[in-house]
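The values are calculated or read from the model by the stated rules, or taken from the named source; none is laboratory data. Owing to the predicted nature of the structure, the values given are computational and were not obtained by experimental measurement. Note: ideal-geometry Cβ built from the backbone for every residue, glycine included; neighbour counts use all protein chains shown.
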Amino acid sequence: MHHLIAPSLLSANFANLEKDINMVNNSQADWFHLDIMDGVFVPNISFGFPIIKHIKKYAKKPLDVHLMITKPDKFINDFKNAGADILTVHYEACTHLNRTIETIKTNGMKAGIALNPHTPVTLLQDIIEYVDLVLIMSVNPGFGGQQFISNTYNRITQLKELINKKNSSSLIEVDGGVDISNAKQLIDAGVDVLVAGSFIFNSANQSNTISQLKNI
């Protein structure tokens, strides 16, 4: 499988969101990445259900929704109704992770698990077979534009080994500080999905930047 590109709308222009959505629709991007923050699990707050529904109305590609919130189980059905196609929860936020993953799938979405930079990849060994995606955070979650944590490469290699060992079909996604300088090394390490926000939306030619990442 050729790697996928998921532009993070957290870095989009919210004063002209439809324009940026259409740019992604018409680009070589594969997914829309949406970071949902509650100000508790991470020290920031982002958009809620009305914005997600608005994005879904215009988006022609799947919505990859990353929940950086406490008690995500309470809102799984709400995110499905808002338009999420892929729903990723944080390992650190889930007391009963198996049940959370099962509920996401029962609601007709693909299920993902996100890991903060300090969380060992080995903790996924008993659940990796049941998830569609693992999101490795390459920055501390909460804000865009942070510097990439170099130990991420080692974590991706470990995760790829675990996926192969368990015969899992899980994709590996990486989010945080992704740009043209590290994209190839990430893909070579085993990443299937690159999330990029400020690198895309702050560029002079956003569609061309997406193409650069896609065609590495």
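Assorted remarks:
- Out of L87, L63, L67, sole residue that is touching a Ser or Thr at 6+ places or on another chain (Cβ under 7 Å) and of a type in the set (A, V, I, L, M): L67
- Here is the figure for segment 57-83: residues that are under 15 Å from V131 (Cβ atoms) and of a type in the set (A, V, I, L, M) total 3.
- Selection from segment 40-52 of residues that are of a type outside the set (S, T, N, Q), closer than 19 Å to G197 by Cβ and in a loop (DSSP other than H, G, I, E, B): F41, V42, P43, F47, G48
- Selection within segment 183-216 - at pLDDT 95 or above, in a loop (DSSP other than H, G, I, E, B) and of a type in the set (A, V, I, L, M, F, W, C): V191, A204
- Qualifying residue in segment 129-145 (condition: assigned to a helix (DSSP H, G or I) and either in contact with a Lys or Arg (Cβ under 8 Å, 6 or more places away or on another chain) or surrounded by fewer than 20 Cβ atoms within 10 Å (Cβ to Cβ) (or both)): yes
- Residues of segment 183-209 that are over 22 Å from Q147 (Cβ atoms), in contact (Cβ under 8 Å) with a residue 60 or more places away in the chain and not charged (D, E, K, R): S207 alone.
One line per residue, one yes/no per condition, for (1) buried (at least 19 other Cβ atoms within 10 Å of the Cβ); (2) at pLDDT 95 or above:
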site: I21; (1), (2): yes, yes
site: W31; (1), (2): yes, yes
site: I36; (1), (2): yes, yes
site: P43; (1), (2): no, no
site: K74; (1), (2): no, yes
site: G83; (1), (2): yes, yes
site: A93; (1), (2): yes, yes
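- Test: residue in segment 115-122 that is more than 25 Å from G39 (Cβ to Cβ), surrounded by 16 or more Cβ atoms within 10 Å (Cβ to Cβ) and out of contact with any Leu (no Cβ under 6 Å at 6 or more places or on another chain): no
- Filter pass, L63 being touching a Gly at 6+ places or on another chain (Cβ under 6 Å), within 19 Å of D85 (Cβ to Cβ) and at pLDDT below 95: no
- Count of residues meeting criterion [in a helix (DSSP H, G or I), within 29 Å of S27 (Cβ to Cβ) and β-branched (V, I, T)] in segment 54-81: 1
- Residue count for segment 10-19 satisfying the condition of being touching a helix residue (DSSP H, G or I) at 6+ places or on another chain (Cβ under 7 Å) and crowded, with 21+ Cβ neighbours inside 10 Å: 1.
- Segment 71-104, residues that are of a type in the set (K, R) and closer than 20 Å to K53 by Cα: K74, K80
- Considering (1) in contact with a Gly (Cβ under 7 Å, 6 or more places away or on another chain); (2) farther than 19 Å from T70 by Cα, the lone condition that M137 does not fulfil carries the number (2).
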